[in-house]
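Presented below is the structure to which this report refers.
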Amino acid sequence: MENNKVSIIIPVYNVEHLLDKCVNSIIEQTHKNTEIILVNDGSTDNSKQVCNILADKYNFIKVIHQENAGQSAARNTGLKFITGNYLMFIDSDDWIELNMIETLLNYLKKYDAQVVECDLAYSNLNETLVPFDEEKHKVKIETRIDALKRIIKNQRFSVCVRMYTRSVSDGIKFVVGKNAPDVYFTSEVFNRAKKNVYLQYPFYNYYYNPASVTKKPYTLKKLDSLDAALYIEKNIKDDNIELKKTVASNLLYASTYHYKYINYYAHLDPDWKIRNRLKKLIDTNYFGDDTHAFGVKAAKYLPVKLFSFILSINKVRRRLTIR
């Protein structure tokens with residue numbers, strides 16, 4: 001008999017008031033053959049106790065407690081304990097629609113795919129959705145090339161909106177200590193996957209609390225997202241011209257984004273080394289395209305110090321929209 005078990009890894013950190021909703025959305029799924037792996041990543045609130053209560057109540061819930069090491073390390077810990085043939089990741093403050101697992105698994109099998117993907121909704125705790133209907137909500141069958149072009153172009157790297165076969169994800173780990181770890185994992189998966197099913201319906205609910213959103217100042221740590229774009233450029237190799245252009249465009253826009261903000265926060269780059277490096281990346285990956293934003297064109301054609309001077313003029317800053 002085929003192993004239809006779906007292993008679901010949930011990193012847990014200080015979410016005592018939201019974890020029940022997340023886990024219950026899995027417990028109440030129409031597909032019942034699941035295992036939930038809660039990795040308590042050194043929570044300082046009552047999340048540890050909540051995890052233990054859930055594991056005591058349900059025999060398909062495993063709990064691992066570890067010292068705080070970050071989301072990527074927690075996911076890697078969870079990967080050591082999976083026993084299912086299918087894999088999902090859910091963040092502990094989010095929740096999923098009650099037929100998500102059954103629907104994704106059915107489409108994965110129907111089309112003999114290695115990955116199936118859905119949309120997500122930015123939700124509050126009380127919103128409900130119109131039920132999924134294949135005739136109303138589009139289903140796309142994508143080759144590896146088509147999936148990569150769409151994912152890179154739209155920055156759809158989140159691992160939480162996908163179900164993976166064990167075979168396509170086996171051995172892939174999350175990069176620890178970097179921002180944008182999902183980029184690395186997803187890129188590696190789609191270096192292997194030959195077919196992706198994309199369901200254009202938000203089965204995944206991302207908990208969005210506008211009150212908690214604050215604008216943080218730019219720091220050099222944010223350059224991790226540039227490293228992720230460089231990783232894509234280095235590791236996704238294919239002769240497809242459109243995919244090459246998509247990869248180059250992704251690196252171009254990432255470089256220009258950071259070029260802009262390093263100039264806003266010039267004290268982070270007193271010797272101009274970072275800006276000169278970014279300018280080289282922009283020049284290397286720029287391709288003739290009238291659709292480029294004004295800021296991208298300015299970054300390409302203006303000398304480094306002139307670009308920096310222009311950004312210091314408040315009236316011009318508003319025009320230099322990169323993304």
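The values are calculated or read from the model by the stated rules, or taken from the named source; none is laboratory data. Everything numeric here is computed off the predicted structure, so don't read it as measured data. Here the Cβ is made from the backbone with ideal geometry for all residues, glycine too, and neighbour counts use every protein chain on show. When the accessible area is computed, the model is the full protein with side chains, heavy atoms only, and any ligands, DNA or RNA have been set aside. Shrake-Rupley method; radii C 1.70, N 1.55, O 1.52, S 1.80 Å.
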11 Å beta-carbon shell around PRO11, net charge (K/R +1, D/E -1): -2
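Any of LYS173/LYS280; LYS138/LYS195; LYS273/LYS300; LYS21/LYS57 with alpha carbons more than 20 Å apart? Name them for me. Don't jump to the answer; show the numbers that get you there.
Working: LYS173/LYS280 31 Å; LYS138/LYS195 17 Å; LYS273/LYS300 17 Å; LYS21/LYS57 15 Å.
Listed pairs above 20 Å: LYS173/LYS280.
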Inter-label distance for ASN24 and LYS138, nm, one decimal - labels placed 7 Å from Cα along Cα-to-Cβ: 3.5 nm
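Please give the calculated 222 nm ellipticity per residue for the chain, where each DSSP H segment of at least 4 residues contributes -39500 (n - 2.57) and the sum is spread over every residue; nearest 500 deg cm²/dmol?
Values: 13 runs with 136 residues, N = 323.
That calculation yields -12500 deg cm²/dmol at 222 nm.
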Accessible area of the chain divided out per residue, in Å², using a probe of 1.4 angstrom: 50 Å²
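Work out, step by step, the length gained on full extension between ASN33 and TYR111: first 0.36 nm times the residue separation, then minus their alpha carbon distance; give nm to one decimal.
26.0 nm
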Label point distance in nm, PHE81-ASP227, each placed 7 Å from Cα along Cα→Cβ: 2.8 nm
Residue-wise HN-Hα coupling along segment 281-291, computed from phi with Karplus coefficients 6.51, -1.76, 1.60 (Hz; x: Gly, Pro): 5, 4, 5, 5, 9, 6, 10, x, 7, 5, 7
Accessible-area order (highest first, 1.4 angstrom probe) of the listed residues LYS260, LYS234: LYS234, LYS260
Bridge type composition, the chain - antiparallel percent by DSSP, nearest 5: 35 percent
Carbon and sulfur %, accessible surface of the chain computed with the full protein complex present, 1.4 Å: 51 percent
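Suppose every Lys and Arg Cβ carries +1 and every Asp and Glu Cβ carries -1, with no other charges. What dipole size does the chain come out with about its Cα centre, to the nearest 20 debye? Display every interim value, and only then the final one.
Working: 47 positive and 37 negative charges, 350 e Å.
In debye, rounded to 20, the chain gives about 1680.
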For TYR58, distant residues with modelled amide H under 5 Å away: none
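Using r as the Cβ-Cβ distance of PHE309 and GLN155, and R0 as 25 Å, what FRET efficiency do you calculate, to the nearest 0.05? Intermediate results must be reported in sequence, preceding the final value.
Numbers: r = 30 Å, r/R0 = 1.22.
After rounding, the FRET efficiency stands at 0.25.
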